[in-house]
Structure formats: C-alpha cells, structure tokens
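Just below is one structure, and these are the notes that go with it.
Readers should treat all values here as calculations from the given coordinates under stated rules, not as data from a laboratory. Note that the structure is predicted; figures quoted are calculated from it, not measured. So basically every Cβ, Gly included, is an ideal-geometry build from the backbone, and we count neighbours across all protein chains shown.
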Amino acid sequence: MEKSEPVCQIVRTLDVIGEKWALLIVRNALRGQTRFSEFRDGLGAPSDVLTDRLAKLVAHGILEKSTYREPGERARPEYRLTPRGEALRVVLAAMIQWGDEFNPAPQGRSAYLVDAKDDRRLRVAYLDDSGAEVDRGEVAIAPGPAATTTWVY
C-alpha cells in the first residue's frame, strides 16, 4: 500500500522548508542575495548542502533558477524568489517576532520588522475578515474538510 501525502498544512510545509538551511536561504534571498557564492559566503553552509537546498527550493517553486554571465566569465546560475517564495516573508517575520519575545539574543535584536516605505515598526498579527485584530490567545486551529476525527497528519 502506497503512503498518501499528509493533509496537515504544517507537515506539508515542513516537508518543503522545515530545514534550517532552506529558511536561511529564503531569508537571504529576501535580503537580495541571488548567487550561489553569496548564499555560501553569507550562510557558511557546506556547498553540497547548499546545492541540495537550492535545488529543492527550485523544485517546489520557491526560487526560480536562471543564468547570468559577468563579462569574461562563464555562465552561472542565480536564484530569485518567486511569488510563492516572497509569501514566506510572513513566516520569517513571525519567527523574528517569536524570537524577540521568547528567545531574545543577549546583545539585542539583529533585525526589526519595518514598513519599507517609511521605516514604521511593524508586527505580525491575526486579523479577521473585517480587518479587526484578534488577540493570539483567542485564535484556535479548527479541523478543515480534509481532517478526520483523529486529525490526519
């Protein structure tokens, strides 16, 4: 019998980006890095691991691979975030916010969430359909149409 794919969104997401190097690649891509050497130097990831994670992110449509060529050099790949990859900005922002609140660095914050237009400080929040903020203590995870009484993962 073939194992079916998990229906839980968290499990399915972790299958794609639930590894440290994958999220750090996305973080650095959001900071403007596009080239293998930039990721390697910026992250300190082993080249074989970096190659594997970049390929996985491309295969899942988070990064798009294209070619660039510097004058007099050979063609090399570069990696740009797709809209799917850009959408991970909120995931990383939530992780920054959680880290600041529950696991802060002794030397202070390494980043702030700000509005790109005017540097106003931002935070991740839950909003209902009318745009009203809902306190995180009031948010529950309810079973959806794919769930069973045992909450399939």
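Brief remarks follow.
- Taking Cα centre as origin and charging only the Cβ of basic (Lys, Arg, +1) and acidic (Asp, Glu, -1) residues, the dipole magnitude of the chain rounds to 540 debye.
- Only aspartates and glutamates eight or more places from K20 in sequence, or on another chain, were considered; those with a Cα closer than 14 Å are D52.
- Signed unit charges on C-beta, dipole axis of the chain, positive-most listed residue A111, Q33, L57: Q33
- Net charge contributed by nearby residues that have their C-beta within less than 15 Å of A87 (K/R +1, D/E -1): +3
- Label of the coordinate-derived value, volume of the Cα convex hull per residue in Å³, listed as (i) 204; (ii) 103; (iii) 149: (i)
- Distant-in-sequence amide contacts of R35, defined by a placed amide H-H separation under 5 Å and a gap of 5 or more residues or a different chain, comprise Y79.
- Distance (nanometres) between label positions extended 7 Å along Cα→Cβ at L30 and D118: 2.3
- Backbone geometry of the range 69-75 corresponds, through the Karplus equation with coefficients 6.51, -1.76 and 1.60 at θ = phi - 60°, to 3J(HN,Hα) couplings of 9, 7, x, x, 10, 7, 5 Hz, x marking Gly and Pro.
- Fluctuation leader among T82, T67, T51 - the chain, Gaussian network, Cα springs under 10 angstrom: T67
- Candidates G18, G85, G131: whichever shows maximal mean-square fluctuation once the chain is modelled as a Gaussian network with Cα springs under 10 Å: G131
- Max mean-square fluctuation residue, GNM over the chain, Cα-Cα springs under 10 Å, options E19, E64, E78: E19
- Those aspartates and glutamates that a straight Cα-Cα span of less than 12 Å connects to K65, excepting residues fewer than 8 apart in one chain: E78
- Amide H contacts for L113 (H built 1.01 Å from N in the peptide plane; partners 5 or more residues away or on another chain; cut-off under 5 Å): L122.
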